[in-house]
Amino acid sequence: MLKKLSMIFCALPLVGCATVPTSTHDARLDGYTAKITPADFEYDPMTTPIADVYRTELSHPGRSGATLIDDGLSAFIIRAAFARMATKTIDLQTYIYSNDFSSKVLVGELKNAADRGVKVRILLDDYGTNSDIADVMLLNQHPNIEVKVFNTVPNRTKILYYPQFLMDFNRLNSRMHNKLFVVDNIALITGGRNVGSNYFYPETASNFSDTDVLYIGDMTRYATDSFNDYWNHHLAIPASAFPKAKTKKALKKLEENFQELQRKTKSDLQAYDTIINLAQNEYRARGFDFSWGRGKFLADPPQKVEMSMRQKEQYQGDIIRTLQHLWDTTQDSVYISAAYFVPGTGGLNHMLREEKDGVHLTIVTNSLASTNAPTVYAKWEKYRRQLIESGADVYEFMLSAENLRGQKHDRERKQSSFSVLHSKTIVFDDDISWIGSFNLDPRSAYYNTENVTIFESTDFAKKLREMIMRDTQTSWHVTMENDQPVWTGMRPGDTTPRVYHHSPDTSIFRRAIKVITRLVPEKFV
């Protein structure tokens, strides 16, 4: 019925039917010629300036360095600094591209790199792309930049955009959630951050508290291999197939916007340039806090998107199998910082057995007040009680960035800034670290494609564990009392702990919404 309705709408002249291919097998792409080819990657990454700084450490086969990026400003600065140090290639893969101020500045850095001759590939998920004429789409017209969009929604008209999800739900419900930033095939940034101001700047209305890692060395080539799998997959559609992204008028407007931005923010850009130069100089002076070890890069195959619903719900890829193996071989402790934590019955039983066998579990996840997904929180609640009763330490993130600075508390989370935990990190036995895009929930396990890094280094694991423990200090410790949850914690300036017998910082309305969302099947959260 919906398919017939779509055809009727497409026949209406007032609505129009602007469509794009959903596969490179579409005849409309027969004349497509790639601007960036495998020949552009026929260079030795160890000959690049980025590798040269740590040549001695990287001379050991299989070795990589890792440094934590635990705040948004640093995450932005390091991306910009490495874009400026690039001499060969840059690959960017992201779920969300917001086309806001920080996104414009970052793609401006990519354009500047391309102007120097660096080959830039950008792969976006269609659902997370702001617009067909977003800056990043228009940059596809640059001779050294190629942009592709993964898992496209065919009809671009607003009236039909969302109805198409019902007609092709199995494919379009599965999204490319991967997040990579690869420079000269030797430096890799990965973690939970997409491209947008709320991932980089704490001053935004809703800031994501997240974790990235900068890796240099052997792990990067596996990330590039994964990027290539997606880039060459038939669901990756060139931006040149999007009519709006090909307009010269829009590109000219983009160039004018870049010039206007530089004119209006000249003094700010001078300060920005100074900061980026400092970051570059610090790296070149070997001032980055690298821990050295060996690791793996894992990613779901792009084919996961096309699996049937039954295949997806039975899917056991490398990420899930490795996670199960790490749990099975852990002896003492597991520390988790998880934005969305819905372990499922199997995952819960595994954790309960581990806790019973002496493996202590510490969990930090979002509170009902801080989460941007109350439906996920409603599912988390049913696992929380058993985990607490088994002996696990459970913490839920406090609401707002204002609170953490000791300013006035915003009870209803109205228009003031608030911080959402967005991290996806685990530490096993203070020895092995897990960081990536993978949330511990059904969507990551069965529907979306994801990537993670597993890094074996006691030094790095302790740094990540300390970061997670710092988050517990600005979180509510959840315990059970008389068979009911109790939240205890201290805000800056408090001399005694606060105790709540319902979710802190929430209205009756928000708690009611949470109860209603329990009706949503867990596999769809």
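Cα-Cα over 32 Å: which of K296/K356; K88/K296; K244/K379; K35/K252; K35/K312; K148/K312? Violating the 32 Å limit, Cα to Cα: K244/K379; K35/K312. Please report the net charge: other residues with Cβ closer than 14 Å to the Cβ of G391, K and R +1, D and E -1. Residues close to G391 contribute a combined charge of -2. By DSSP, the beta bridges lying fully in the chain are antiparallel in about 65 percent of cases.
Hey, any idea what % of the chain's accessible area is carbon plus sulfur with a 1.4 Å probe? So the carbon and sulfur contribution to the accessible surface is 53 percent.
Taking amide H as placed 1.01 Å from N in the peptide plane, Y340 has its amide H under 5 Å from the amide H of L440, each at least 5 places away in sequence or on another chain. Only helices enter the 222 nm calculation for the chain: every DSSP H run of n ≥ 4 contributes -39,500 (n - 2.57), and dividing by all residues gives -11000 deg cm²/dmol, rounded to 500. Extension gain, R498 to D225, is 93.3 nm, computed as 0.36 nm per intervening residue step minus the present C-alpha separation. Extension gain for A271 to S74 (0.36 nm times residue separation, less C-alpha to C-alpha distance): 69.4 nm.
Evaluated with a Cβ-only charge set (Lys, Arg +1; Asp, Glu -1), the range 432-511 carries a dipole of roughly 200 debye about its Cα centre, given to the nearest 20. In the chain, a dipole from Cβ-located charges (positive for Lys and Arg, negative for Asp and Glu) runs towards its positive end, and of F438, Y222, F258 it is F258 whose Cα lies farthest in that direction. Each peptide in 145-154, 501-510 receives the mean, over its residues, of other Cβ atoms within 10 Å, and ordering these scores from highest gives 145-154, 501-510.
Each of L421, V153, I276 was scored by the projection of its Cα onto the charge dipole of the chain, and the greatest displacement toward the positive side belongs to V153; charges sit on the C-beta of Lys, Arg, Asp and Glu. Where the alpha-carbon atoms of the range 232-361 are placed on the principal axes, they occupy 63, 45, 25 Å, in descending order. Charge dipole of the range 41-188 (Cα centre as origin; +1 on each Lys and Arg Cβ, -1 on each Asp and Glu Cβ, all else neutral): 200 debye, rounded to the nearest 20. Using a simple spin-label model with pseudo-atoms 7 Å out from Cα toward Cβ, N232 and L519 lie 4.9 nm apart.
Sorted on the mean count of surrounding Cβ atoms within 10 Å across their residues, most packed first, peptides 306-315, 471-480 read 471-480, 306-315. Using only alpha carbon pairs under 8 Å that are at least six residues apart, calculate the relative contact order of the chain and give it in whole percent. Rounded, it is 16 percent for the chain. Toward the positive end of the charge dipole of the range 421-525, with +1 on the Cβ of Lys and Arg and -1 on the Cβ of Asp and Glu, the farthest Cα among T472, F460, T488 is that of T488.
Full extension of the chain between K356 and Q324 yields a length gain of 9.8 nm, computed as 0.36 nm times the residue separation minus the alpha carbon distance. Local charge for P45 was computed over the other residues whose Cβ lies under 12 Å away, with Lys and Arg +1 and Asp and Glu -1, and equals -2.
With a Förster radius of 56 Å applied to the C-beta separation of F509 and R28, the computed FRET efficiency comes to 0.70. Remark on the range 310-376: Rg and Dmax equal 13.6, 36 Å (Cα only). Other residues whose C-beta falls under 12 angstrom from the C-beta of D430 contribute a net charge of -3, scoring Lys and Arg +1 and Asp and Glu -1. Looking at the chain, the accessible area is 43 square angstrom per residue; that uses a 1.4 Å probe and ignores ligands, DNA and RNA.
Peptide packing for 166-175, 325-334 was compared via the average number of neighbouring C-beta atoms within 10 Å per residue; ordered from the highest value, the list is 166-175, 325-334.
Placing unit charges on the Cβ atoms only, positive for Lys and Arg and negative for Asp and Glu, gives the range 135-213 a dipole magnitude near 380 debye about its Cα centre.
The values are calculated or read from the model by the stated rules, or taken from the named source; none is laboratory data. Keep in mind that what you see is a predicted model, and the values were worked out from it rather than measured. As a convention, Cβ positions derive from the backbone with ideal geometry for all residues, glycine included, and neighbour counts pool all protein chains shown. The protein model used for the area step is the full one, side chains on, heavy atoms only, and it has no ligands, DNA or RNA in it. Shrake-Rupley method; radii C 1.70, N 1.55, O 1.52, S 1.80 Å.
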